[in-house]
Amino acid sequence: MNVIYMIGDGMALPQVYAAMLASHEKMTFSQFPYIGVVDTHSASNDITDSAAGGTALASDHKTKNGMVGMTPDFIPVKTVLEVLKEQGKETGIVVSCYVTHATPATFYAKVPKRKQYDDIAMQLAETENVNLIIGGGRKYFNQREDSLNLLEMMVDKYGWKVYDTLADIDETCKKYAVIANDDHMPPAAERGDFLPRAVKTALRTLDNAENGFFLMVEGSQIDFACHAQDSTWMMDEMLDFDYAVKVALDYAKEKGNTLVVVTADHETGGLTMPDPNGKYTNPVFNYSTRSHTCLPVMVYAYGPGAEQFTGWMQNRDLKAKILNACGFENIGDGLPEYDGPQIKAVKVNHDSYSIPK
Ligand SMILES: [Zn+2]
């Protein structure tokens with residue numbers, strides 16, 4: 001049994017439908033037989049960031065915005081990647097941002113503040129839970145405040161093979177990192193098919209795993225584009241992520257025994273598609289914020305156990321559903337839940353709507 005867990009950072013239904021409208025194509029998203037709704041609020045805020053959002057998607061726990069892989073009171077949480085590794089599966093992470101950025105980090109690292117990139121890089125170097133990782137962010141490995149060269153240490157001390165490009169790698173190797181840029185990977189228009197190609201590469205490697213695998217993939221820059229309110233960039237990122245989803249879905253359809261779950265950590269941009277002339281004929285992309293919103297996101301599932309991903313759920317519910325699909329039940333960590341602010345009702349407050357506390 002394999003799991004491919006895909007996260008479109010900042011991607012709620014508006015981003016998916018915007019790409020559908022503008023591409024005039026049937027996107028892969030519409031091929032999923034099971035679709036649900038995911039509430040994304042964090043333990044501290046109605047509107048989550050990627051650190052708390054990722055932590056909830058990776059583990060059973062909501063946490064405070066900015067925290068990676070730990071509860072609000074600093075207790076490390078066990079992620080779905082870590083549980084499945086412990087149960088004998090091989091694991092991989094593929095992203096188009098820094099490999100140390102909030103979403104990928106929530107699967108393997110534990111730090112109170114998401115900006116502790118040097119610490120996150122060190123935790124990645126030291127971890128035995130990740131078999132392969134592909135993305136950007138080389139500067140956190142070789143231009144560090146402590147002057148260590150983590151890339152060399154990863155090879156000499158921790159048994160990684162480290163590569164600069166996808167082209168060079170030995171796909172039969174059991175532990176490798178492809179850190180393909182100093183910074184985040186370039187935007188989709190410049191990086192070409194890096195993300196879907198990285199997913200293909202990871203799947204060829206993990207296909208040899210005896211007890212199956214867990215692969216996390218992030219379309220990282222949908223969020224960046226929506227922060228920038230740049231619709232061309234957003235569309236490029238959505239179509240790129242859709243291609244990566246297609247690679248995963250095609251693999252699952254061919255091989256069977258593979259659960260594909262596609263979701264998001266939160267919505268970014270407050271994207272809507274009104275006709276500014278009020279004529280109902282020419283919808284345009286309209287952003288209401290340069291930040292995140294509390295809009296729920298969708299979850300799309302295919303494969304064994306996919307039927308669990310329907311209805312309305314919390315982001316912290318996904319780990320248990322994935323473990324159930326893999327035949328592992330009740331693998332909890334016994335920690336209490338931190339549910340955070342509950343949205344009770346929306347009421348009219350003078351000329352704007354606000355959410356009562
Ligand atoms: Zn963001």
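The values are calculated or read from the model by the stated rules, or taken from the named source; none is laboratory data. Owing to the predicted nature of the structure, the values given are computational and were not obtained by experimental measurement. Note: ideal-geometry Cβ built from the backbone for every residue, glycine included; neighbour counts use all protein chains shown. Just so you know, the surface numbers come from the protein's heavy atoms only, side chains and all, with ligands and any DNA or RNA stripped out. Shrake-Rupley method; radii C 1.70, N 1.55, O 1.52, S 1.80 Å.
By how many nm would the segment from GLU128 to ASP182 grow when fully extended, if each residue of separation counts as 0.36 nm and the alpha-carbon distance is taken off?
Numbers: separation 54, 0.36 × 54 = 19.44 nm, distance 2.37 nm.
Difference between extended and current length: 17.1 nm.
Cβ-Cβ distance of ASN277 and GLN31, R₀ of 41 Å, FRET efficiency by 1/(1 + (r/R0)^6): the value works out to about 0.75. If r is the Cβ-Cβ distance from ASP146 to ILE75 and R0 is 30 Å, what FRET efficiency results, to the nearest 0.05? Calculated value: 0.70.
Rolling a 1.4 angstrom probe over the protein heavy atoms with all chains in place gives the chain an accessible area of 41 Å² per residue.
Candidate cross-link partners of LYS255 among the lysines, defined by an alpha-carbon separation under 16 Å and a same-chain spacing of 8 or more, comprise LYS200, LYS246. Applying both filters, DSSP loop and at most 14 other Cβ atoms within 10 Å, to the trypsin sites (Lys or Arg not before Pro) of region 5-77 gives LYS26.
Taking the Cα centre of the chain as reference, the dipole from Cβ charges on Lys and Arg (+1) and Asp and Glu (-1) amounts to some 480 debye. Once you list every other residue whose beta carbon is under 11 Å from the beta carbon of GLY69, what net charge do they have if Lys and Arg are +1 and Asp and Glu are -1? Cβ neighbours under 11 Å give a net charge of +2.
Of all DSSP-defined beta bridges confined to region 2-354, some 35% are antiparallel rather than parallel.
Quick one: which of 243-253, 50-60 comes out on top by average Cβ neighbours within 10 Å, and what's the full order, highest first?
Values: 243-253: 20.6, 50-60: 29.8.
The packing order, highest mean first, is 50-60, 243-253.
Under 16 Å from a point placed 7 Å out from the Cα of LYS174 along the Cα-to-Cβ direction: which residues of region 193-223 have their backbone N that close? Of the residues in region 193-223, 205-214 have backbone N under 16 Å from the label point off LYS174.
Which order do peptides 203-210, 296-303, 66-73 fall in by mean Cβ count within 10 Å, highest first? List each step's numbers first, then the result.
Details: 203-210: 16.4, 296-303: 23.2, 66-73: 21.6.
Ranked from most to least packed, the peptides come out as 296-303, 66-73, 203-210.
Helix 117-126 and the longest principal axis of the C-alpha atoms of the chain enclose an angle of approximately 40°. A straight Cα-to-Cα reach below 18 Å connects LYS78 with the lysines LYS62, LYS64, LYS89, LYS110, LYS113, LYS319, LYS321, residues fewer than 8 places away in its own chain not being considered.
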